Amino acid sequence: MKEVRREEKEWYDNPNMITTLLIAVILLSILLSQSFAIRNHLDTATILRSILNHNSLYLFVLVYFCFLKTKIGKRYFHILNVFVSIFFCLTTIASVFTIFQSFGLTSLVDLALNIVLTIYFIYVFIRDTVIGTELKITEAPMDEVNNNQYFYVICGIIAVSLVVSLIGASTFDGIVLALLDSIYYVLFARYIFLYKEFQESKKKIKNVVEKKKEEVKPEKIENESVKKKPVQKEKTSLKGEKETKEGDTV
């Protein structure tokens, strides 16, 4: 049982493993969606529309995670996060317009998921950047909510979205794509969760180092004061000896 628990921790607490799984799920979803479209004898215009509507987010996120596997992506990590946050904001705005076009439970759940995931991403990845300090994201009331609570709220919305999609799906293709979408969102939320945990661990280490520095400073001051006191006594004693010698000569 201990070995199984260690293996479970290794895969869902390892950011490298999560990003690899995300790349695999995105590629599988894109390939299956296009193969389903070709198998259903859809015309090229419909296939291109599906690529732009359904796969545009996947393609962008795929490029993002592929860059993170390279040295260039790791160097410009914060810049990539800014572009991703802008893209997420655009998709959230687009999901607002879909409500006016086709109002229903599916569009409402998708809007809620996009809003919560976008806020979560911006709060975690942009807060330590220059843009985050200018926007004062650190002063937002979201600090009162625990990281685990964010993750479980998103997973709950994903579960509701999956149930709604499965109820509305009339074909096997729709069921498969709905399952892949849910897996993608859970993995992406886990990726954000792990980076937030990394930030909190860095803060804890900083606080421990600062406390140790504060504890060392008074000790240094005490040691210096102890060293200085006997030196002053010797000087006064030497002055007294000189005065006595002068008195003797007189």
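The values are calculated or read from the model by the stated rules, or taken from the named source; none is laboratory data. Since the model is a prediction, treat every value here as computed from it, not as a measurement. Using ideal geometry, Cβ is built from the backbone for each residue, glycine included, and neighbour counts are taken over all protein chains shown.
Yes/no matrix, rows are residues, columns are (1) among the acidic types (Asp, Glu); (2) part of a helix (DSSP H, G or I); (3) over 22 Å from Leu187 (Cβ atoms); (4) without any contact (Cβ under 8 Å) to a residue 60 or more places away in the chain:
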residue: Val84; (1), (2), (3), (4): no, yes, no, yes
residue: Phe87; (1), (2), (3), (4): no, yes, no, yes
residue: Leu90; (1), (2), (3), (4): no, yes, no, yes
residue: Phe100; (1), (2), (3), (4): no, yes, yes, yes
residue: Thr106; (1), (2), (3), (4): no, yes, no, no
residue: Val109; (1), (2), (3), (4): no, yes, no, yes
residue: Asn114; (1), (2), (3), (4): no, yes, no, yes
residue: Thr118; (1), (2), (3), (4): no, yes, no, yes
residue: Phe121; (1), (2), (3), (4): no, yes, no, no
Picked from the range 164-222 (must be among the polar types (S, T, N, Q) and either assigned to a helix (DSSP H, G or I) or farther than 27 Å from Leu105 by Cβ (or both)), the residue modelled with the highest pLDDT is Ser182
The range 123-140, subset assigned to a helix (DSSP H, G or I) and acidic (Asp, Glu), residue modelled with the lowest pLDDT: Glu139
Test result for Ala37, under 19 Å from Leu177 (Cα atoms), at pLDDT below 80 and assigned to a helix (DSSP H, G or I): yes
Among the residues of the range 56-72, is there at least one that is β-branched (Val, Ile, Thr) and at pLDDT below 80? no
What's the number of the condition Asp143 fails, among (1) part of a helix (DSSP H, G or I); (2) modelled with pLDDT of 70 or more; (3) not aromatic (Phe, Trp, Tyr)? (2)
Given the criteria buried (at least 18 other Cβ atoms within 10 Å of the Cβ), within 22 Å of Leu111 (Cβ to Cβ) and in contact with a Gly (Cβ under 8 Å, 6 or more places away or on another chain), does Ser161 qualify? no
